[in-house]
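Undergrad: Structure in structure tokens, see below.
Please treat every number below as a calculation from the coordinates, not as lab data. All of these numbers come straight from a predicted model, not from anything done at the bench. Here Cβ is always computed from backbone atoms with ideal geometry, including for glycine, and neighbour counts include all displayed protein chains.
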Amino acid sequence: MSAAPAIGVIGAGSWGTALAQMLSSDGRDVLLWAYEPEVVAAINAEHRNPLYLPSASLSPTIRATCDLPDFAALDTVLVVTPAQVLGKVLAGLARSPRDLVLCSKGIEAGSGRLMNDAAREAAPGSTIAVLSGPTFAHEVAAGLPTAVTLACEGGRAQWERLAPAIARPAFRPYYSDDVTGAEIGGAVKNVLAIACGVVDGLNLGQNARAALIARGFSEMLRFGEALGAETETLSGLCGLGDLVLTCSSTSSRNFSLGKALGEGALAADLMADRRTVAEGAHTAPVLADLAQRRGVAMPIVAAVDAILRGADARAVVADLLARPLRAELESDAGDLTA
Ligand SMILES: NC(=O)C1=CN([C@@H]2O[C@H](COP(=O)(O)OP(=O)(O)OC[C@H]3O[C@@H](n4cnc5c(N)ncnc54)[C@H](O)[C@@H]3O)[C@@H](O)[C@H]2O)C=CC1
Ligand SMILES: O=C(CO)COP(=O)(O)O
């Protein structure tokens, strides 16, 4: 037990559970909202989450609940639902001023909104922050060293409140005030991780994967610039850092989904009845659409979108390779802009 104020975590998938475990490591009380009553029961009775993070023994200072009204008095709440339901879930939270730390990575289908816009509408009066970076849940739950971007719309004053509440000896947030950049990094890298998985599934080699990471990063920068993100933010933990992690490991659900697509599985079969979320599959269509409407070239994102819609992966890769040659840097483009 600790005298530090309790923290709330909404969403008890693998990431919400891992964050709750990390936050409880100084003995403080953590209230964890789960969608499924059986997850609540298992966490409270056995201190385990067999559905989403079976490897972890959880702290007894984590209490789970299905009732959002239980969060009414908490000043700091982390939001860790799948991106597509974030607005809907937050609409059930009492409307009092608090710090809302968004940890989901995606873009809302239909509206094309980033999570901070969805959260601001669903929970008016809150001050938004975004926590994002290279963070496999099972490693954070195991206490392995991890660093993240913590982007605060409330600037330094909010950081002074949140940093001591969230930092732990092995969990190290870095300050930013670029909420848009932090969200774009996490959303776009999920789509690029699917692309890298496809290349792995097709056995196209490590050169191709490195090329996808570098050219995909260019797409992330172009899209970020169009939405007002800082290049420096995207070059940090929440952009390049997370891109490198998720594009290189089958621990990533997005990479694994792409690998199965490259091996010939159908997207519809892979998405049917899946319990865990591969956010890139939901983000790719809306991101490809946003990019097209804003005139931002994102050929790798468009390729992932096409494969998810059922196009043959090998043919899509052949089309990518057949694109006209062009300058690597925008600043050198001149006539080479095809
Ligand atoms: N797992 C990880 O290593 C990391 C995940 N994230 C992000 O965290 C977010 C949550 O992902 P995970 O914790 O991995 O989820 P997960 O894939 O482990 O579990 C799925 C989650 O969706 C919830 N859910 C399903 N239907 C729902 C509904 N109708 N309403 C509310 N909740 C519902 C389930 O209760 C469960 O919490 C995603 O945006 C993901 O990109 C970010 C960093 C790391
Ligand atoms: O965001 C993540 C690591 O930073 C988790 O990636 P996946 O959702 O692809 O597993």
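Undergrad: For region 216-280, which trypsin sites (Lys or Arg not before Pro) are both in a DSSP coil and crowded by at most 13 other Cβ atoms within 10 Å?
TA: In loop regions of region 216-280 (DSSP not H, G, I, E or B), the sparsely surrounded trypsin sites (Lys or Arg not before Pro) are 274, 275.
Undergrad: Given contacts defined as C-alpha pairs under 8 Å and at least six residues apart, what's the relative contact order of region 107-231, whole-number percent? Write out the running numbers ahead of the final one.
TA: Working: 139 pairs, mean separation 26.5, N = 125.
Averaging sequence separation for qualifying contacts and normalising by length gives 21 percent for region 107-231.
Undergrad: What does the charge add up to near residue 243, with Lys and Arg as +1, Asp and Glu as -1, over the other residues with Cβ less than 13 Å from its Cβ? Walk me through the intermediate numbers first.
TA: Details: positive: 105, 189, 209, 215; negative: 219, 242.
In short, +2.
Undergrad: Cα extents of the chain along the three principal axes, largest first, in whole Å?
TA: Principal extents (largest minus smallest coordinate, Cα): 62, 39, 35 Å.
Undergrad: Could you tell me which of 192, 331, 82 has its Cα farthest along the dipole of the chain towards the positive end, charges placed at Cβ (Lys, Arg +1; Asp, Glu -1), taken about the Cα centre?
TA: Result: 82, furthest along the dipole toward the positive end.
Undergrad: Less than 17 Å from a label point 7 Å out along the Cα-to-Cβ axis of residue 25: which backbone N atoms in region 34-65 qualify, by residue?
TA: 55-62
Undergrad: Just to be sure I understand: with springs between alpha-carbon atoms less than 10 Å apart, which residue in 12, 91, 193 has the highest mean-square fluctuation in the Gaussian network model of the chain?
TA: The residue that fluctuates most here is 91.
Undergrad: How far apart, in nanometres, would the label points at residue 85 and residue 320 be if each is projected 7 angstrom from Cα along the Cα-to-Cβ direction?
TA: The two pseudo-label positions are separated by 3.1 nm.
Undergrad: OK, next. Do you know the relative contact order of region 7-177, to the nearest whole percent, from alpha carbon pairs under 8 angstrom that are 6+ apart?
TA: Numbers: 362 pairs, mean separation 34.0, N = 171.
Relative contact order of region 7-177: 20 percent.
Undergrad: Express as a percent, rounded to the nearest 5, the fraction of DSSP beta bridges in region 87-180 (both residues included) that run antiparallel.
TA: Details: 6 of 16 bridges.
Bridges in region 87-180 that DSSP calls antiparallel: roughly 40 percent.
Undergrad: Right, another one. If region 131-275 were replaced by its equivalent ellipsoid, with semi-axes equal to the square roots of 5 times the Cα gyration tensor eigenvalues, what would those be, largest first, whole Å? Intermediate values should be presented prior to the final figure.
TA: Details: eigenvalues 167, 65, 34 Å².
Rounded to whole Å, the semi-axes are 29, 18, 13.
Undergrad: Looking only at Cβ-Cβ distances, which cysteines of the chain have no other cysteine closer than 4.7 Å?
TA: That list is 66, 103, 152, 238.
Undergrad: Then there's this: If the cut-off is a Cα-Cα distance under 19 Å, which aspartates and glutamates reach residue 88, setting aside same-chain residues fewer than 8 apart in sequence?
TA: Those aspartates and glutamates meeting the cut-off are 36, 67, 70, 99, 108, 117, 121, 183, 279.
Undergrad: Still on this structure: When the dipole is taken about the Cα centre of region 127-263, and only Lys, Arg (+1) and Asp, Glu (-1) are charged at their Cβ, what size is it in debye, to the nearest 20? If you can, show how the numbers build up before the last one.
TA: Working: 10 positive and 13 negative charges, 67 e Å.
For this selection, approximately 320 debye.
Undergrad: Return, ordered by residue number, the residues of region 183-213 whose backbone nitrogen is under 18 Å from a label point located 7 Å along Cα→Cβ of residue 311.
TA: 191-202, 212-213
Undergrad: With unit charges on the beta carbon (Lys/Arg positive, Asp/Glu negative), name the residue among 59, 149, 71 whose Cα is farthest towards the positive pole of the charge dipole of region 28-149.
TA: Projecting each Cα onto the dipole axis, the largest value belongs to 149.
Undergrad: Can you spot the lysines whose alpha carbon is less than 17 Å from residue 259's alpha carbon? Ignore those fewer than 8 places along the same chain.
TA: Those lysines meeting the cut-off are 189.
Undergrad: When a/c is below 1.5 the answer is rounded, else prolate if a/b is larger than b/c, else oblate, so apply that to region 15-66 with a ≥ b ≥ c taken from the square roots of the Cα gyration tensor eigenvalues. Don't skip to the answer; put the middle values down first.
TA: Details: a/c = 1.61, a/b = 1.35, b/c = 1.19.
Cα axes put region 15-66 in the prolate bin.
Undergrad: Convert 10 °C to kelvin, take the viscosity as 1.306 mPa s, use the Kirkwood radius over C-alpha pairs of region 7-177 as Rh, and evaluate the Stokes-Einstein diffusion coefficient in µm²/s, rounded to a whole number. Mind showing how you got there, number by number?
TA: Numbers: Rh = 15.8 Å.
The diffusion coefficient I find is 101 µm²/s.
Undergrad: Give me the tail of P(r) for region 259-338 as a percent: Cα-Cα pairs with distance above 21 Å.
TA: Numbers: 1232 of 3160 pairs.
Considering region 259-338, 39 percent of its Cα-Cα pairs are separated by more than 21 Å.
Undergrad: Then there is this: Between region 66-94 and region 13-44, how many Å separate their Cα centres?
TA: 13
Undergrad: Sticking with this one: Calculate, in nm to one decimal, what residue 211 and residue 161 gain on full extension: separation in residues at 0.36 nm each, minus their alpha carbon distance.
TA: Taking 0.36 nm per residue and subtracting the Cα distance, the gain is 14.0 nm.
Undergrad: If you scale each eigenvalue of the Cα gyration tensor by 5 and take the root, what three semi-axes come out for region 222-311, rounded to whole angstrom and sorted largest first? Please report the intermediate quantities before stating the final value.
TA: Working: eigenvalues 116, 60, 22 Å².
Gyration-tensor ellipsoid for region 222-311: 24, 17, 10 Å.
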